[in-house]
2 protein chains.
Amino acid sequence: MRKIKVRKKILIANEEYAAKNRAFLKDRKLPCLNVISSPGSGKTTLLAKTIETLRGKLSIGVIEGDIQTDIDAKRIRKAGAPAHQINTEGACHLSAAQISYAFHKLPIDRLDLVFIENVGNLVCPSTFDLGETDKIAVLSVPEGDDKPAKYPMIFARAAAVLINKIDILYATDFNIKKVKADISKLNKKTKIFLVSAKTGEGMKQWCDWLEKRAINKRTKSAKKTRPRQ
Amino acid sequence: MRKIKVRKKILIANEEYAAKNRAFLKDRKLPCLNVISSPGSGKTTLLAKTIETLRGKLSIGVIEGDIQTDIDAKRIRKAGAPAHQINTEGACHLSAAQISYAFHKLPIDRLDLVFIENVGNLVCPSTFDLGETDKIAVLSVPEGDDKPAKYPMIFARAAAVLINKIDILYATDFNIKKVKADISKLNKKTKIFLVSAKTGEGMKQWCDWLEKRAINKRTKSAKKTRPRQ
């Protein structure tokens, strides 16, 4: 019994922070996307390219989660966006409390969109609520087309799946048709984008989708929320 | 306080099973290697190729850990080795208790070497003791050369690191010199192998190393342990 109680207590603490984050984002009509993938799928390159593509259209901020180092936050700043680095020092995913703190480290009132780049891990971050608006999955071609079947959790929950590194499709036996079918079986609503963050292929479609969502969110929230006095 | 007590209790239960597994392996002079990597680094292809290369030299068994599906166990059996599949149903790493049970699902007394293919996850399995003889890390070229710096835990603990998918090195900007230096900073003793499980490049060196270790283990254990009556 004790084990169950404690587990509940930890989850409740996270849920409270997640709810707080959700209210914080809603109040600011600010979409926040929690990007989840294996290590090395190209999340940071993808975010840097997204920032460059949307320059002058959307003002983007990034919360970077890594076990160690601030390599990723530096890459994001170089691409022209503010970034706050969280080092988990061994923990396998970010927590809602860390995100709550990180919001205040970004120039949040100047932003149209916040990305959270979670720790590279296709398992643990998938079911952990940070209070984000949506989860985004990234799967890179060299990881193989069996990953949605083997690691279904994130694909079942993601608002969009980016299949990255399609520039090296020719060097692999990755079957796009199969992977699309497997993802659709898990999640009929998810939007699938084929991209290469390296060459820029497919980035326009993904960025158009982001832009629409950021603008819709602001419009919808403006209608629902009473304007602040 | 309560939280700490429970955490300790869970870890003690795992440690007890890990110690039991270590004694079980020692008694049988059987080396057991816990293979850890990101999803999609090519662990299963690597093990299948290893089994084929060592056919007639070492008798290998495999314990497969996956969130869902038995795709990997089927691939191992197709390569000619006995395999037991564990589905963790969401858990991010294998536990020592699961390994303890799985040993009895393999024809253990006929084996010279057991591989554990852990859940694809570069974080959680790294610090979790299964009672294995050694941990082995796999890093694939398309994941990028920054991974040892960003996910140091497994590289600091691995007896060997396999850099896989070197057949697509030409399509990436992966820097072998940098990655070797970063791994050596974390772990001076680890042996680094450059391989392509797909083309077979480098597999001979890796398999020679395995063969020597399996044979040494048997010889050393035979000297230390009293022969069974």
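Numbers at a glance
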| read-out | value |
| --- | --- |
| Output for region B:151-167, where each listed residue is over 11 Å from the mean Cα position of the chain (by Cα) and assigned to a strand (DSSP E or B) | B:ILE163, B:ASN164 |
| Region B:137-161, residues that are of a type in the set (A, V, I, L, M, F, W, C) and in contact with a Lys or Arg (Cβ under 9 Å, 6 or more places away or on another chain) | B:ALA137, B:VAL138, B:LEU139, B:VAL141, B:ALA149, B:ILE154, B:PHE155, B:ALA158, B:ALA159, B:ALA160, B:VAL161 |
| Criterion (under 18 Å from B:ASN14 (Cβ atoms) and surrounded by 20 or more Cβ atoms within 10 Å (Cβ to Cβ)) met by exactly one of B:ALA73, B:ALA81, B:ALA96 | B:ALA96 |
| Pairs, first free of Cβ contacts under 8 Å to residues at least 60 places away in the same chain and of a type in the set (Val, Ile, Thr) in region A:27-56, second assigned to a helix (DSSP H, G or I) and surrounded by 23 or more Cβ atoms within 10 Å (Cβ to Cβ), C-beta under 9 Å, six or more apart | A:ILE51/A:ILE76 |
| So A:ASP66, is it surrounded by 21 or more Cβ atoms within 10 Å (Cβ to Cβ) and closer than 29 Å to A:ALA156 by Cβ | yes |
| Of all residues making up region A:103-126, the number that are in a strand (DSSP E or B), over 15 Å from A:LEU162 (Cβ atoms) and within 12 Å of chain B (Cβ to nearest Cβ) | 0 |
| Subset tally (residues that are over 21 Å from B:VAL123 (Cβ atoms), more than 10 Å from chain B (Cβ to nearest Cβ) and among the β-branched types (Val, Ile, Thr)) for region A:151-169 | 3 |
| Every pair of residues 6+ apart whose Cβ atoms lie under 6 Å, when the first sits in region B:7-21 and is away from chain A (no Cβ under 14 Å) and under 15 Å from B:GLN98 (Cβ atoms) while the second is exposed (fewer than 14 other Cβ atoms within 10 Å of the Cβ) and at pLDDT below 95 | none |
| Of all residues in region A:170-184 being surrounded by 16 or more Cβ atoms within 10 Å (Cβ to Cβ) and either in a helix (DSSP H, G or I) or touching a Leu at 6+ places or on another chain (Cβ under 9 Å) (or both), the one that is farthest from the other protein chains (Cβ to nearest Cβ) | A:LYS180 |
| Residue within region A:163-171 that is in contact with a strand residue (DSSP E or B) (Cβ under 6 Å, 6 or more places away or on another chain), within 18 Å of A:SER38 (Cα to Cα) and among the aliphatic types (A, V, I, L, M) present | yes |
| Flag if B:ALA73 is out of contact with any strand residue (DSSP E or B) (no Cβ under 8 Å at 6 or more places or on another chain) and within 14 Å of chain A (Cβ to nearest Cβ) | no |
| Of residues in region B:127-150 being closer than 15 Å to B:ILE36 by Cα, assigned to a helix (DSSP H, G or I) and at pLDDT 95 or above, the one farthest from the other protein chains (Cβ to nearest Cβ) | B:PRO148 |
| Subset of region A:49-61 [small (Gly, Ala, Ser) and closer than 19 Å to A:LYS105 by Cβ] | A:SER59, A:GLY61 |
| B:VAL114 at pLDDT 95 or above and of a type in the set (A, V, I, L, M) | yes |
| Only one of A:ALA102, A:ALA79, A:ALA18 that is more than 28 Å from A:ALA156 (Cβ to Cβ) and of a type outside the set (Phe, Trp, Tyr) | A:ALA79 |
| Residue under evaluation A:GLY40, criteria (1) away from chain B (no Cβ under 14 Å); (2) part of a loop (DSSP other than H, G, I, E, B), criterion not met | (1) |
| Residue list for region B:99-129, restricted to those being among the charged types (D, E, K, R) and surrounded by 19 or more Cβ atoms within 10 Å (Cβ to Cβ) | B:ASP112, B:GLU117 |
| Verdict on A:LYS78 being under 29 Å from B:LEU186 (Cβ atoms), more than 13 Å from chain B (Cβ to nearest Cβ) and over 16 Å from the mean Cα position of the chain (by Cα) | yes |
| Residue within region A:87-102 that is part of a loop (DSSP other than H, G, I, E, B), closer than 14 Å to A:LEU33 by Cα and within 17 Å of the chain's Cα centre (by Cα) present | yes |
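The values are calculated or read from the model by the stated rules, or taken from the named source; none is laboratory data. Nothing here was measured: the structure is a model prediction, and the numbers come from that model. Here Cβ is always computed from backbone atoms with ideal geometry, including for glycine, and neighbour counts include all displayed protein chains.
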